[in-house]
Ligand code: ADP
């Protein structure tokens, strides 16, 4: 029960609805139990030849009224109790989502997105079932079950004992089968999800499949997953197919006992024929509470296990936190300073960055170059505190970034990541992501600086064009330019660019670099690029190798040596010249 503490607030919030729902459910149970009493009256009246047209009409009206009451109250308990479980689902899901959002990048490195999705669907679904149908089944098992036994004992205690002999079997098998059914159901669901994923992936990659002549391979893959899907569903059907007839068998076993023993009692006039018929009705009413008894324990156990998993995520603290007393700096000038910075993604034996030190003065541009894997992206990620330095200090404006207000720090930094990511929505929404208040003129201005304006104008819907799934598919270079526009539209003092022109042609790249240069003196820019012409004008260039700064200097200073920078620059210059020819 301790696990259920997490859902308590939602129950407290709707306590009256829950109480009213349970009350409706109990009244429905009671009214159901009175129906056999009415039947008994009718049968006894008829067998004693005292039934009249009028007395039977009266009894049938009672039955109709009872049915009407059951109908109305069932509607209400469903709305009230299932509604509450939906509220629990909504509340927990939102809480989980906002909590997971606060966790830091290292957490997402360790956790698979699929696992997080599973918590949001399976676990929350289990909690919903436990807090909705779980309450219904528990109330029915306890209340309807004991009340029915009470009504049966009222007719005859011995007969009740005989009739109840097979009942524990129902509870036992209901528990056993519902557990297996649930497991099978999950496997069938998993197989269906795999099949959908194969279809999605194979259609998304259809061009590659065609160009590699892999249609046959795709067909085989599809056949294999759909065969598994059918097999899992048949195994599920085998269990559900066996379950309900088995339950019926046990109920009929009780019925057989009642016919033998109850029949004898009726002949001996210990009970009336009406009692005999009513008893059989109670027997049928008992089947559900017995099944519920088995089912509810599984529902509650499953709900508790899911709540424990959800709770352990909610207990996970973000590794990167707001400092207790954040420094409220004045206007930010954008001086960036790295002091003996060390970072290793937790594996201290293999540092990804070590002894990194440099200073970029406000308004200056720092260029970074180095072979893939030398730590350039990691270095940029440390500035907005996506990861925290393990040793050393990074300062902006002379203050350790770990002492800054985290939001303010991130507000001061625009970041163009290596892999541009677009959210579903319009081009306008995607650019304005960097500044939700920007008007269309500013959006177009930023797009122009990123050389993306012509591409927007060429689209019939312009800024209203939907990108992503079912929308216009942008090329890699267009996405990159959109991401740059998104950064340009923000009014920050530091601009980080991770290989911003890697996917655009030379001329466009040059235009983008010209735009970046317009920020000179106003913004502190750190730019990583494999295209060295983009770094040429930087005030300082770092050449990185295996996580350390190999050399640094201005373009002219580095060209004076015959090392990596100079060699690469000459090579690229030759390539560009060839390209121009
Ligand atoms: P670059 O940008 O110069 O190509 P990165 O900073 O991306 O280099 O990577 C530097 C090293 O850190 C690589 O060896 C890479 O495998 C490792 N690395 C990058 N990201 C992670 C991560 N999230 N977890 C663990 N190791 C990482």
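Report, to the nearest 10°, how far helix 53-77 tilts away from the longest principal axis of the Cα atoms in the chain, using its own Cα long axis and a range of 0 to 90°.
Roughly 20 degrees between the two axes.
Per Stokes-Einstein, at 25 °C and 0.890 mPa s, what whole-number D in µm² s⁻¹ belongs to segment 336-580, with the Kirkwood radius over Cα pairs as the hydrodynamic radius?
For these conditions, the coefficient is 131 µm²/s.
Take residue 79, project a point 7 Å from its Cα along the Cβ direction, then tell me which residues of segment 1-39 have their backbone nitrogen under 16 Å from it.
Answer for segment 1-39: 16-25.
Starting from the alpha-carbon convex hull of segment 374-470, give the projected area averaged over all orientations, in nm².
Hull-based average projected area comes out at 8.5 nm².
For the chain, just the Cα atoms, rotate onto the principal axes and tell me the three extents in Å, largest first.
Sorted from largest, the Cα extents of the chain read 119, 61, 51 Å.
Find how much the distance from residue 108 to residue 64 grows on full extension, using 0.36 nm per residue of separation minus their present alpha carbon separation; answer in nm with one decimal.
Fully extending the segment from residue 108 to residue 64 adds 9.9 nm.
Could you let me know the centre-to-centre spacing of segment 45-62 and segment 301-320, using Cα atoms, in angstrom?
Taking the Cα centre of segment 301-320 as reference, the centre of segment 45-62 is 60 Å away.
What is the log10 of I(q)/I(0) for segment 76-223, computed with the Debye formula using one identical point scatterer on each Cα and no solvent, at q = 0.17 Å⁻¹?
Reported log10 I(q)/I(0), two decimals: -1.13.
If you fit an axis through the alpha-carbon atoms of helix 167-204 and take the longest principal axis of the Cα set of the chain, what angle between them do you get, 0 to 90°, nearest 10?
Approximately 30 degrees, to the nearest 10.
What is the packing order of peptides 71-81, 423-433, taking the mean over residues of other C-beta atoms within 10 Å and listing the highest first?
423-433, 71-81
Take 270, 109 and order them by how many other Cβ atoms sit within 10 Å, fewest up front.
Ascending Cβ contact count within 10 Å gives the list 109, 270.
Could you check the spin-label model distance between residue 158 and residue 537? Points 7 Å from the Cα along Cα→Cβ, value in nm.
10.6
Quick check on the chain: helices-only [θ] at 222 nm, where DSSP H runs of length 4 and up contribute -39,500 (n - 2.57) each and the sum goes over total residues. Nearest 500, please.
That calculation yields -19500 deg cm²/dmol at 222 nm.
Which distance in nm do the two modelled labels at residue 207 and residue 47 give, with both placed 7 Å along the Cα-to-Cβ direction?
Going by the 7 Å Cα→Cβ label model, 8.2 nm.
If you stretched the chain out fully between residue 27 and residue 235, how much longer would it get, using 0.36 nm times the residue separation minus the C-alpha to C-alpha distance?
The residue 27-residue 235 span can extend by a further 71.0 nm.
Multiply the residue separation of residue 121 and residue 284 by 0.36 nm, subtract the distance between their alpha-carbon atoms, and state the gained length in nm to one decimal.
55.1 nm
So what does the Cα-only Debye profile of segment 223-315 read at q = 0.12, 0.21, 0.25, 0.26 Å⁻¹, as log10 I(q)/I(0), no solvent term?
-0.67, -1.03, -1.14, -1.17
Which of 445, 223 comes first, and how do the rest follow, when ranked by fewest Cβ neighbours within 10 Å?
With the sparsest Cβ surroundings first, the list reads 223, 445.
Can you give me the Cα centroid spacing of segment 339-405 and segment 502-527 in angstrom?
22
With each pseudo-label sitting 7 Å past Cα toward Cβ, what's the residue 226-residue 577 distance in nm, one decimal?
5.9
How would 254, 546, 552 line up from fewest to most surrounding beta-carbon atoms within 10 angstrom?
Ascending Cβ contact count within 10 Å gives the list 546, 552, 254.
We did not get these values from a lab; they are worked out from the coordinates using the rules stated. Since the model is a prediction, treat every value here as computed from it, not as a measurement. FYI the Cβ positions are ideal-geometry reconstructions off the backbone, even for glycines, and counts take in every protein chain you see.
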